[in-house]
Every structure is written in structure tokens, then in C-alpha cells.
Amino acid sequence: MSDHDQRTGGHLDVRASGGGLGAEVRDIDLRTLDDDAFAELHAAWLENLVLLVRSQHLAPADLIAFSRRLGALDHAPVQETGRRFVGNMPELYVVSNVVENGAPIGSLGNGEAVWHTDMSYIEHPPKASALYALEVPPTGGNTSFVNMYAVYDSLPETLKRRIAGRRVKHDGTYNSGGYVRQGVVPSDDPREAPGALHPLVYTHPETGRPALYLGRRRNAYVEGLELAESEALLDALWGYVDQAALTWTNVWQVGDLVLWDNRCTMHRRDPFDPDTRRVMHRTQIKGESRPA
């Protein structure tokens, strides 16, 4: 983080990442934020799209309580094992490669997770996600984010005109780790795969800014086009996603809490050594409206 890029005029020390999005909020305890500091944190989140808060000590109940300040929470999705939640906390999702007593304690394994938006295959996708690090591997497992406002802004005008008013199907077959979702029969035809239709250009309900809303590449389909034409258009759009100047990567440390705006970002994860441990707790804040 750049020490010279500091937000002034408030209670919080917010340092922009120097990348295409993201900022670190320093020297706070998310368990004890008063209302004024939380309002400032919320404003910084909308401005920077992703916030990193290091050196936190969050029990599961603390993570849930902080997340609820942003809105009602989704229940965690069913994991590949068929487990839904931890103990009596249905809002808590465990992201981990660890196997204990022959059974995975979490989901998504140790492989690469490609660029995606969380749960965009449902009618009302979550507006935000919070991920908290309990154990991290010595190398790998980093999470990168991309600014989808900026990706949309970078499109040529001809491409913006081509996608205006169009909707894309967000596939519900596979999760971000590439696993088939619980209870879904896979199909390789994106026109037949389960999923929700959302506008390719999405207006953020709080900022009013347009963002490209892609979800994920696999099994996506642009409504009303021949399959080959849809594939070509999606390939063209995805060609603008992986621009280094529009991204930021968090190299995880134990105690990191990362909060991202699911409406105007995508994220991905680097693979890591399966013989090392990575344990994260995640919450999702419900979407309050359909993407529009």
C-alpha cells in the first residue's frame, strides 16, 4: 500500500492500493467500530470497491455480526460434500482444502479459481462478500480483483453499442472451483444449462455507475444470439478483463479481512500446494434487487 495515498478528513486511515481498485484500512478493530466509523468504512468501500483490513481477531460470530451491518446475509451455499454450514451458523461458508477424519472441512480445494462474480447464477446475486483468513499457505492462494467499472469504460464504443440492452445467462452448473454444484446435472450446451439472465451492462444501485457484468466465462450465453455468435462476443468482452492496470492482488496474511463489492468486481484465486493448509471463513450479503 502507498503511504502517501491517505484518505483525510475522517476517523479512518484508508490507503489506496495503487492498483486498479482496492484500499487498506489500517489500525481498526472491526468488532468495535462505532456508527460514524462504520459509515466512513462503507463510503470507502463504495469508492474503492475492495477493502483490506489486516490483523483482525474474528470469531465466527464476530464475522457474522460485522457482515450484518452491511445488510441481511445469505445462507452459505451447499458444498461439494453436501454440507451447508458450520455448527449452528448457516451464514458461515468455509473455504478450505483441509481434510480432517477423511472429510473436507470446507469447499473449493486448492486449485485455481478463475475470474468470476459470486453466485451471479441466481436471480438476486449477493451484493458483497467478506473473506477472513484463519490459515494461509506459505505461497500461493492469492486473490486478485478486477474493476468492472473500468473494464466497461475500456471497451471500444462499437462494442458498447453491440452489448447495449443485451442479457447474458450466468451459468449455475459449476462453482468457482470447477466443481458441479450440488443437485445439478451438467450440460455442455450453455443454452440448456441452468442459470439466470442478467444485463451485460449493469448500473450499480448505490453509485449509479455502469459496469460490465459477466459473472464467469464457462457456459455463459448471450440471449438471442446464435451460439457461435454468442461465443465470439463473449470472447471479445473477456479479452478486456485481464488488464493488469485494472486489477489488484491480495497476498493473504492470517487475520486479513477482505470485503468486496460483488456488483462491480470480479475475483480469482491462484492455486497453491495441496499439502499446505488454507482455511478461510466467508459471508455473503444479500442482494437487494436484481441487476438492472
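Tabulated data for the structure shown
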item: Hey, Pro126 part of a loop (DSSP other than H, G, I, E, B) and in contact with a Ser or Thr (Cβ under 7 Å, 6 or more places away or on another chain) or not; result: no
item: Yes/no for Tyr174 being among the hydroxyl-bearing types (Ser, Thr, Tyr), farther than 30 Å from Pro104 by Cβ and touching a residue at least 12 places away in the same chain (Cβ under 8 Å); result: no
item: Qualifying residue in segment 262-276 (condition: farther than 30 Å from Leu134 by Cβ and over 13 Å from the mean Cα position of the chain (by Cα)); result: no
item: Residues that are farther than 25 Å from Ala61 by Cβ and in a strand (DSSP E or B), drawn from segment 93-109; result: Val99
item: Counted residues, segment 9-40 - those being outside any strand (DSSP E or B), small (Gly, Ala, Ser) and either touching a Phe, Trp or Tyr at 6+ places or on another chain (Cβ under 6 Å) or at negative phi (or both); result: 7
item: Elements of type strands (runs of 3 or more DSSP E) in segment 200-283, at least 1 residues being β-branched (Val, Ile, Thr); result: 201-203, 247-250, 257-261, 265-269
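None of the figures in this text is laboratory data; all of them are computed from the coordinates on show. In this text, all values refer to a predicted model and were calculated from it rather than measured experimentally. Methodologically, a virtual Cβ is constructed for each residue, glycine included, from the backbone with ideal geometry; neighbour enumeration extends over all protein chains shown.
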